[in-house]
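These notes concern the structure reproduced below.
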Amino acid sequence: APLLEAGIARTNGIIVDAKSGITGAGVKPKAVNHFSAVNDNFKAYGLKNHRHSIEIEENATQLGGESAKVQFTPHLLPVDRGILASIYARPKSSISQASLLKTFEAYYRDAPFVRIRKSPPAIKDVRGTNYCDLYCDYDERTENIIVISAIDNLVKGAAGQAVQNMNLMLSLDESAGLNQIPLQP
C-alpha cells in the first residue's frame, strides 16, 4: 500500500508469495487440511485463481491509480496459525533503502498495530497479537522491492481486527483490549 500510494512501485508485476498456517486455509474441513496431509508437508494452492486475488488487485488498482496485475500464490504451512508473506514489486524509478524505509514509517506512523522491523519478521513474532510486522528492503541486484509481512491470522486476520474496528466505530481507544504480547514459545 505505501509503495503504490506514493507512486514508487509499478502496479503490474507485483508478486505476493504467502505462507499460511492451517487455520488460514479455510474453515471447511477438507482432506488436504487433516494433520496427516499437512504434517511434514508444504504446498502451494489456489494457483492463478485464489478467491483473494480479485480483492488484492482491486485494492492495488485503487491505491496505484492504474490497473494492477498481482500474482498471488498462497502456500499451506504445517503450523496451526500465522501468515507470512513475501511481496515483490518493481520501482518506477531509482530508489534508496533509506527513502523506502521513510515511506513505510510515514505511511504507518498512526497505525498502532503495524511495526516496521529492522529484520524480516517471523510468525512467532506476532503469535497471539493484533500486530502486523513489516520489513522492507531493496535488492539492487534484481531491482526488486521486497516486503515481508507477518500476522497472526486468528487475531489480526479475524477476531483482533473485529475488536479494533469496533473500538473505532464506538470512538474508543483503537487499541483497547488488544495490547497482548506475542505468545512464545
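The values are calculated or read from the model by the stated rules, or taken from the named source; none is laboratory data. The shown structure was predicted, so the numbers you read here are calculated from the model rather than taken from an experiment. Here the Cβ is made from the backbone with ideal geometry for all residues, glycine too, and neighbour counts use every protein chain on show. Heavy atoms of the whole protein, side chains included, go into the accessibility calculation; ligands, DNA and RNA do not. Shrake-Rupley method; radii C 1.70, N 1.55, O 1.52, S 1.80 Å.
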Study note, to complete from the structure: A chain fully extended from residue 61 to residue 183 at 0.36 nm per residue, minus the present Cα-Cα distance, gains in nm 40.3 nm
Practice item. Go ahead and run the numbers for FRET between residue 137 and residue 69, Cβ-Cβ distance against an R0 of 25 Å, rounding to 0.05. Key: 0.65
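What relative contact order, as a whole-number percentage, does segment 105-185 give when Cα pairs under 8 Å and 6 or more residues apart are counted? Walk me through the intermediate numbers first.
Details: 127 pairs, mean separation 24.1, N = 81.
Once normalised by length, the contact order is 30 percent.
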Study note, to complete from the structure: For the chain the mean separation of alpha carbon contacts under 8 Å (6+ apart) over residue count, i.e. relative contact order in percent, is 23 percent
Check your understanding: Which order, highest average first, do 155-168, 107-120, 76-89 follow once you tally other Cβ atoms within 10 Å for each residue and take the mean per peptide?
Key -> 76-89, 155-168, 107-120
Point to revise | Accessible-area ranking of 17, 152, largest first, probe 1.4 Å | key: 17, 152
Point to revise | Top positive-direction residue, dipole computed over segment 124-169 with Cβ charges, set 126, 161, 142 | key: 161
Review point. To the nearest 10 square angstrom, what accessible area does residue 75 show with a 1.4 Å probe?
Key: 30 Å²
Revision key, fill the gap. antiparallel share of DSSP beta bridges within the chain, to nearest 5, in %, is 70 percent
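Pull out the extension gain between residue 119 and residue 52, defined as 0.36 nm times the separation in residues minus the alpha carbon to alpha carbon distance; nm, one decimal. Don't skip to the answer; put the middle values down first.
Details: separation 67, 0.36 × 67 = 24.12 nm, distance 2.72 nm.
Here the answer is 21.4 nm.
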Point to revise | Cα pair distances exceeding 20 angstrom across the chain, given as percent | key: 59 percent
Practice item. Quickly estimate the mean residue ellipticity at 222 nm for the chain, helices only: each DSSP H run with n ≥ 4 gives -39500 (n - 2.57), and the total goes over all residues, rounded to 500. Key: -6000 deg cm²/dmol
